[in-house]
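Some notes on the structure that comes next.
The values are calculated or read from the model by the stated rules, or taken from the named source; none is laboratory data. Model, not experiment: these values are computed from the prediction. Cβ placement follows ideal geometry from the backbone for every residue including glycine, while neighbour counts extend to all protein chains displayed. Just the protein is used for accessible areas: all its heavy atoms, side chains included, with ligands, DNA and RNA removed. Shrake-Rupley method; radii C 1.70, N 1.55, O 1.52, S 1.80 Å.
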Amino acid sequence: MMRIITGSAKGARLDTLEGDATRPTAERTKQAIFNVLQFDIEGRRVLDLFGGSGQMALEALSRGADSAYVADASPEACEIIKRNARKTKLFEKMRLVTNDYKSVIRSLSGREDFHLIFLDPPYQSDYLADAVKRIVNGGLLADGGYIVCEGENPEPVTCEGLSVFRHSKYGRAYVTILEKE
């Protein structure tokens, strides 16, 4: 069972897709990520390119983020995200699109920047490094912003213009938090 840990929607239970289509971030991992970022959330703009259930963006909104732009290529996942956003009463602060990460980055490049970006693509893909590179090239990360990358590779994702702020292992997942230099 997934839930919102703290903030305005504290305790709200979140729905997920059945089966292996998505792999939600474990509660322990989410707690650790938000413990690190707790003072860098309020009033910030959030981007989640592999929304899944929407839990990372919704947790940030619950903790005081100003707005969230959430995308997922799966229409079924977007329906779950919409349901969870309504359940937490955070839907009005969210923009939800059904599209792949490349299209979303292309459409936002040069138009918007975000303080906190979540990337948790399917583990068996090569999307993580590609998404980070496209985000940097598209100017989507605000000065002093963070990209939170979750994957199964023990080596941290790197990209010119970003430094590794934190790299940790939680169960099967490796989380790298990159900071704009």
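Convert 10 °C to kelvin, take the viscosity as 1.306 mPa s, use the Kirkwood radius over C-alpha pairs of the stretch 60-126 as Rh, and evaluate the Stokes-Einstein diffusion coefficient in µm²/s, rounded to a whole number. Intermediate values should be presented prior to the final figure.
On the way: Rh = 13.0 Å.
The diffusion coefficient I find is 122 µm²/s.
The helix-based estimate of mean residue ellipticity at 222 nm for the chain, built from -39,500 (n - 2.57) per DSSP H run of four or more residues and divided by its residue count, is -8500 deg cm²/dmol to the nearest 500. Seen from residue 11, the other residues with C-beta closer than 15 Å to its C-beta sum to a net charge of +4, counting Lys and Arg as +1 and Asp and Glu as -1. In this simple spin-label model, placing a label point 7 Å from the Cα along the Cα-to-Cβ direction at both residue 89 and residue 112 gives a separation of 2.4 nm. Over all other residues within a Cβ to Cβ distance under 9 Å of residue 67, the charged ones net out to +3, with Lys and Arg as +1 and Asp and Glu as -1.
So if a site counts as exposed when it's one of the trypsin sites (Lys or Arg not before Pro), its DSSP state isn't H, G, I, E or B, and it has at most 14 other Cβ atoms within 10 Å, what's the longest stretch of the chain without one? Excluding the exposed sites themselves, the longest stretch runs over 11-88. Between the stretch 104-181 and the stretch 60-90, how many Å separate their Cα centres? Between the Cα centres of the stretch 104-181 and the stretch 60-90 lies a distance of 19 Å.
Counting only DSSP beta bridges whose two residues both lie in the chain, roughly 50 percent are antiparallel.
Please work out the FRET efficiency for the pair residue 142 and residue 15, using the Cβ-Cβ distance as r and a Förster radius of 30 Å; give the result to the nearest 0.05.
Working: r = 31 Å, r/R0 = 1.02.
Approximately 0.45, to the nearest 0.05.
Rounded, prolate or oblate: which one fits the stretch 37-181, using the alpha carbon gyration tensor with axes a ≥ b ≥ c (rounded when a/c is under 1.5, else prolate when a/b beats b/c, else oblate)? Can you show the working numbers first?
Working: a/c = 1.36, a/b = 1.28, b/c = 1.07.
It comes out rounded by the Cα gyration axes.
Accessible surface calculations at 1.4 Å, restricted to protein heavy atoms, place the stretch 109-177 at 49 Å² per residue.
With a sphere of radius 15 Å drawn around the Cβ of residue 158, what net charge do the other residues whose Cβ falls strictly inside it have (Lys, Arg +1; Asp, Glu -1)?
Values: positive: 133, 134, 166, 180; negative: 126, 130, 155, 160, 179, 181.
Every neighbour counted, the sum reads -2.
In whole percent, how big is the carbon plus sulfur part of the accessible area of the chain, probe 1.4 Å, protein atoms only? Mind showing how you got there, number by number?
On the way: 3930 of 8770 Å².
Solvent-exposed carbon and sulfur of the chain make up 45 percent of the total.
Multiplying the residue separation of residue 1 and residue 126 by 0.36 nm and removing their Cα-Cα distance gives an extension gain of 42.2 nm.
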